[in-house]
Each structure stands twice: as structure tokens, then as C-alpha cells.
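Here is the structure we will look at, set down as C-alpha cells.
The values are calculated or read from the model by the stated rules, or taken from the named source; none is laboratory data. As the structure is a computational prediction, the values presented were derived from the model and not from experiment. Virtual Cβ from ideal backbone geometry, glycine too; neighbours counted across all protein chains shown. Please note that ligands, DNA and RNA were not included when accessible areas were found on the heavy atoms of the full protein model with its side chains. Shrake-Rupley method; radii C 1.70, N 1.55, O 1.52, S 1.80 Å.
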Amino acid sequence: MSGLELGSAGLADFSTIPGGSTATHPSVVRAWTTPAPADPNSSPDIASSREILRLDEPQFNHNAGGLVFDADGFLLIAVGDGGGADDVDGQDFGGEPLIGHGTEGNGQDPANPFGTILRIDPQGTSSANGQYGIPTTNPFFGQMGMIEEIFAYGFRNPFRLSIDAQTGDLWVADVGQNHIEEIDVVTAGGNYGWNHKEGSFFFDPNANANGFVTDVDPGVPADLIDPIAEYDHDEGIAIIGGFVYRGTAIPALQGRYLFGDFGSFSADAGRVFYLDANDEIQAFDIGTNGRLSLGVNGFAQDANGEIYVLANATGTPFGTTGEVLRVDPPPPPPPLPPAPSPPASSGGGGGSAHPMLLLGLLVLLRLRRRRRCAQFGCK
């Protein structure tokens, strides 16, 4: 069992903080052992706790933090770009110049672990701190100047990640800056663009002003991988990653990626989406105008492949407003009134009285990629 925590004291294994400055907080991966892992009632042994990995975080935000084991038993760890905005040193952030990102940004620097998906062996000892192993199958293993723990890079705030139980594909939802939320299917060694790109748009950090997206290529590397789906901030504010549906309750969702959006800063307009067979984003018909009265904070998947939405009314990990909502098929429609007697002369006809009851999830909207750069204030 592994977990990520924020705020405890200790020396960092990785830091981009310049001398004379301090981190806002650490991100820590810690492990416990469970006496009987196959027994769902077996609790972790608190005394077995050990620290695996510690990172110095430059700013308070973009903590990512998702954890998932792959088919080889290695632990994948989602790490944000260090926080702030635009991922470049010197930007004004809360009245102070940004530090800990360098001149090119952490997301494009595989010599540090920020803005990446890490892959480690919690049972190994080959790391510099001796608390975990580095898989020799990692894409940068043995390469000088690279962080060998990196599996993929070029992320801003990967929130969350999951592995399709059937195909083994790694799905990552990456939270955008000001305009674009994205979904990536991640492969070893891939560069997913940030901060050269936000979604499939080019991104300009814009010196000390607000960064912006543009259709004008400033000369980015040719190997950047675009998302398989994206949406703009007309439809939400922060993507929340989910799972590929492998349950049986809703057969028409089989193999579809379910995810959501936090919805609003007041945590009262969460959304739930899925990708159709063409990787177009479709919305669930839920709540009021397709929105929950809660903020969507995460998703869970049970042993049967069914999916749950994790939501609350605060948008924070505090309070008692949290709810776990299972994604179920809709209730059956009410019975139809008796049909009138047919006229004496018939003339063909028909079709289903309920042509849109496919799942009862009824598509509310079809989000299309908007290439109108002017909408985003591009230059």
C-alpha cells in the first residue's frame, strides 16, 4: 500500500528550489504493509510506515498526486509542474516572482521530476535514497542527465491517472492553465507538450504577463504528443480524470473513458463526461442543466469495473459534505398511455416511441474543438 501526503518535515530527494529560498511544502510518497493483503478486512500496519520519495514543491498548487500500479507491479506517480502559473521563473504569482521552474519550465525538463509521470519499484533499493528501485525498462534508464524514474513528461497538473484493466492503456487527465483541459493516453517516453502547448494549441508564457494559447507555431519540438480529446473553459474549469468503464450495469458504456470537471470555484456545478467511439466528449444528463449541485473531486472503480463519482460541496478535503455517487443505468421510463385505435386505413409508420433511451445518459452536448483563437484572446 502506498500513499501521498503533503506537509511533513524532512530532506527532499528532489528539489528545484534555488539557494536561499524555501519550498512551500513537500510532496511525500509513503508505504505501509498489510498483514493479509487478500483479506479486505485487513488493515495496514501503522508501525510499518516508511518514506519512499520526497519532493520540494515550489508553489502551493499543481500537486497532482495520483498513484496507480501497472501490470508489472511498478508504481506510477503523477507529479505536477511545481505550481504557480505558466511554468517559467519570474512570473508574478501572489505578489512574488515564481521560482523553481527555470527559464524553460519544469514540464519540458526531464532532468527534474516535475510535470511528469514517475515509475518506480517500491520493493527495490537501487534509487539514490535506497528506498525504492528504478525499473530498467523505464525510457530514460541509463541516460545521463535524465531522471531515470520518469515514464513520461510534459504535464502541467495530471489529475488523475488510471490504467484500463482490459487493455493496459494509461489514461491521464491534465488540468489546463486558462483555456484548455485535456485527456492523454500515455506511452513510455512521451512528451505531452506543456508548456510548449496547452492541449493541442501552442502556448506562449508571455514574459511576466498572462500566458495565452495561439495557433501560431513558435517553433516547438516535433515530437510533442497532442491529447486524444480536449475541451475549453466554456464547459468547465478543471478536468478530473476517471476510468475506462469495464462494468456490466451499462453495456453501452463498455470501453468508454468516464471523467469529469470540478465545475466551479464554488463547488456547485460538477460535470460528468465520457468519450464516445470517436473520442468525442459527451455529457451525462444529470442534475440541473447537466450539472451536479456539488464539485466533482475524483472517481473510483470497484472490482467489478463499476464507476463512482466522488463529490462534495466544499471543493476541499475538509468538512462532512462528501458523497460517493455510483454511475447506474437510468430508471425505466413510465409506461406509455394506451395507444388510440388505428384508423381504418393504415399508412406505414412507426419507429421507437423513445428513440433516445440508449443508456438514458442522453447526450446534452457535443463538445467540439474551437479553433477560434480570438475567443481566447490569442495574439
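Points to keep in mind about this one:
Residue by residue, here is whether (1) open to solvent by 20 Å² or more (accessible area, probe 1.4 Å); (2) within 24 Å of ALA300 (Cα to Cα) holds:
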| position | (1), (2) |
| --- | --- |
| ILE117 | no, yes |
| SER162 | no, yes |
| GLN166 | yes, yes |
| ASP184 | no, yes |
| ASN208 | yes, no |
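- Yes/no for ASN278 being modelled with pLDDT under 95, open to solvent by 40 Å² or more (accessible area, probe 1.4 Å) and polar (S, T, N, Q): no
- Taking every residue in the range 238-255 that is more than 18 Å from LEU170 (Cα to Cα) and hydroxyl-bearing (Ser, Thr, Tyr) and pairing it with any residue that is surrounded by fewer than 20 Cβ atoms within 10 Å (Cβ to Cβ) and modelled with pLDDT of 95 or more, at least 6 positions away or on another chain, the pairs with Cβ-Cβ distances below 9 Å are THR248/GLN254; THR248/ASN304; THR248/GLY305; THR248/GLU306.
- The set of residues in the range 120-139 being under 23 Å from the mean Cα position of the chain (by Cα), surrounded by fewer than 24 Cβ atoms within 10 Å (Cβ to Cβ) and closer than 28 Å to LYS197 by Cα consists of ASN138, PRO139.
- Search result, residues across the range 39-69 that are within 21 Å of ILE163 (Cα to Cα) and surrounded by fewer than 15 Cβ atoms within 10 Å (Cβ to Cβ): PHE69
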